[in-house]
Amino acid sequence: MTIQEKDKKYIWHPFTQMKTVGDHIPIVKGDGLYIYTDDGRKIMDAVSSWWTTAHGHSHPLIAAAVCEQFKTLDHIIFAGFTHPKAVELSERIIQKLPYLNKVFFSDNGSTSVEVAIKMAFQYWYNKGNQKTKIIAFENAYHGDTFGAMSVGGRSEFNKAFFPFLFDVIYIDVPTSGNEEKTKKQLKEVLQNDDVAAFIFEPLVQGAAGMVMYSAKVLEELLLITKSKDVLIIADEVMTGFGRTGKLFATDHLVNKPDIVTLSKGLTGGVMPLGLTVCTDKIYDAFLSDDHSRTFFHGHSFTGSPLSCAAACASLDLFEDNKTWEQIEMIVASHQEFALKVAGNKQLKEVRQTGTIIALEFKTNESTSYFNSLRDELYAYFLERNILLRPLGNVLYILPPYCIHKEELDIIYEAIEAFLSES
Ligand SMILES: *Cc1c(COP(=O)(O)O)cnc(C)c1O
């Protein structure tokens, strides 16, 4: 049997209708911007392999750090024990998020959000002031575990679980023109005394279709929230690590969250790791002689030395000016391309924040993940050896920072070709 036949026989893929999906493409090698198929194709990974591989595939510095760590210490139970790489990573993350004080480890983006929600609910429980409501944006995506699903938008993706998801108060995303409406909604829902937290994806809602809103309105929303006793959770799982042009999206703000969740780009996107970073205000509410105040949460792989080693190596790369020159080059190139295609008749909107550019196509169907243009776009670019994985009728580029200007131009030209041919 071929790899594809065995794959069909044994594997159930994520986010995939297995009845209608075609063959999965076997990839046998990754190097920088490129992935290589078993039959010799070289494909540009223009979406950083599910928004993770910040520095590209198989980066030699990260690979060396993980190999070295593997030979030294592979795994250590993280209760009763600690290890140098977890401590180094935590210290460096706190230096980069200086308004936060404590780091809690888990395994991925969903668990980092799950931990944030549990922390927020238990914070109020421990303070003897039980608050049970969370405010979230419409169409938000925070992951696929139950808590993370609950604070995400309700859609086809989680319909089967509606009865089991806890109630959330949704407000509109403050996209351009809707800022005042959202501010009004937030003020209204904050009248409610039992709001525990406000959770959001800062500046860019990824899975919703790269929906963007300004730092200015987010600043105003945080100021409004801070007038009440409500915790603020910024889900930086996707926006973190340079995506918005700064290390964190919240670096664009003066008002800061109480909790930040990190994953995806954290390890350079190559090892699973999630962090939930919080203030001493939250941490201190769990200090007690009463056992029931303890944060009873953990995973077998909490604080994985291998993941921590990858994350430290990735931070080394983020402390290298060359990475920031690259990020600035991507931002400038995207801005230029956005201007070039902005008026195109086939496009409803072109949006760009930092290293992310999104083109929303006009179609007869509504803008959604299930828009049929998706398959056409996906196939068109893949045939040209460019991996772009549209969210419905929203085509976006989210490149690794190792990409060269000439390679970006190849992607832009392919998009222009699609626009002129169709
Ligand atoms: C991807 C994502 C998550 C979930 O992360 P996983 O590692 O896939 O569980 C959570 N929040 C945001 C904003 C994301 O983009």
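Remarks
- Where strands (runs of 3 or more DSSP E) fall wholly inside the range 27-115, the ranges with 2 or more residues that are of a type in the set (Phe, Trp, Tyr) are 34-37, 102-106.
- Strands (runs of 3 or more DSSP E) completely within the range 347-422 that count 1 or more residues being loosely packed, with under 15 Cβ neighbours inside 10 Å: 347-353
Yes or no, residue by residue, for (1) of a type in the set (A, V, I, L, M, F, W, C); (2) outside the structural domain of residue 87 (by TED's automatic domain parsing):
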{"residue": "312", "(1), (2)": "yes, no"}
{"residue": "334", "(1), (2)": "no, yes"}
{"residue": "345", "(1), (2)": "no, yes"}
{"residue": "348", "(1), (2)": "no, yes"}
{"residue": "369", "(1), (2)": "no, yes"}
{"residue": "375", "(1), (2)": "no, yes"}
{"residue": "395", "(1), (2)": "yes, yes"}
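- Residue within the range 193-200 that is within 11 Å of the ligand (Cβ to nearest atom) and under 23 Å from residue 221 (Cβ atoms) present: yes
- Verdict on residue 247 being touching a residue at least 60 places away in the same chain (Cβ under 8 Å), within 22 Å of residue 325 (Cα to Cα) and touching a Phe, Trp or Tyr at 6+ places or on another chain (Cβ under 9 Å): yes
- Candidate set from the range 311-339 (those that are touching a residue at least 24 places away in the same chain (Cβ under 8 Å) and of a type in the set (S, T, N, Q)); member that is nearest to residue 105 (Cα to Cα): 314
- Within the range 141-163, being within 19 Å of residue 210 (Cα to Cα) and polar (S, T, N, Q) holds for one residue alone: 155.
- Residue 234 in contact with a Leu (Cβ under 6 Å, 6 or more places away or on another chain), within 16 Å of the ligand (Cβ to nearest atom) and either in a strand (DSSP E or B) or basic (Lys, Arg) (or both): no
- Matching residues, the range 147-163, being surrounded by fewer than 16 Cβ atoms within 10 Å (Cβ to Cβ) and over 22 Å from residue 17 (Cβ atoms): 163
- The residue of the range 65-110 that is farthest from the chain's Cα centre (by Cα), among those that are within 16 Å of the ligand (Cβ to nearest atom) and farther than 15 Å from residue 278 by Cα, is 107.
- Contacts under 8 angstrom Cβ, first residue in the range 137-166 being among the β-branched types (Val, Ile, Thr), partner within 11 Å of the ligand (Cβ to nearest atom), 6 or more apart: 145/110; 145/111; 145/113; 145/114; 151/113; 151/140; 151/142; 151/199
- Yes/no for residue 136 being within 13 Å of the ligand (Cβ to nearest atom) and not in a helix (DSSP H, G or I): yes
- Boolean, residue 86 is in contact with a Cys (Cβ under 7 Å, 6 or more places away or on another chain), surrounded by 22 or more Cβ atoms within 10 Å (Cβ to Cβ) and in the same structural domain as residue 279 (by TED's automatic domain parsing): yes
- Filtering the range 50-61 for residues that are within 27 Å of residue 412 (Cα to Cα), touching a residue at least 12 places away in the same chain (Cβ under 8 Å), of a type in the set (A, V, I, L, M) and surrounded by 14 or more Cβ atoms within 10 Å (Cβ to Cβ) leaves a non-empty set.
- Summed over the range 328-337, residues that are aliphatic (A, V, I, L, M) and either part of a loop (DSSP other than H, G, I, E, B) or surrounded by fewer than 16 Cβ atoms within 10 Å (Cβ to Cβ) (or both) total 1.
- Tally, over the range 188-205, of residues that are farther than 17 Å from residue 166 by Cα and touching a residue at least 60 places away in the same chain (Cβ under 8 Å): 5
- Pairs with Cβ under 8 Å, 6+ apart, first in the range 218-244 and of a type in the set (Lys, Arg), second assigned to a loop (DSSP other than H, G, I, E, B) and within 15 Å of the ligand (Cβ to nearest atom): 243/354; 243/355; 243/398
- Being in contact (Cβ under 8 Å) with a residue 12 or more places away in the chain and assigned to a strand (DSSP E or B) is true of residue 260.
The values are calculated or read from the model by the stated rules, or taken from the named source; none is laboratory data. Because the structure is predicted, anything quoted here is derived from the model rather than measured. Heads up, the Cβs are rebuilt from the backbone with ideal geometry, glycines too, and the neighbour counts pull from every protein chain shown.
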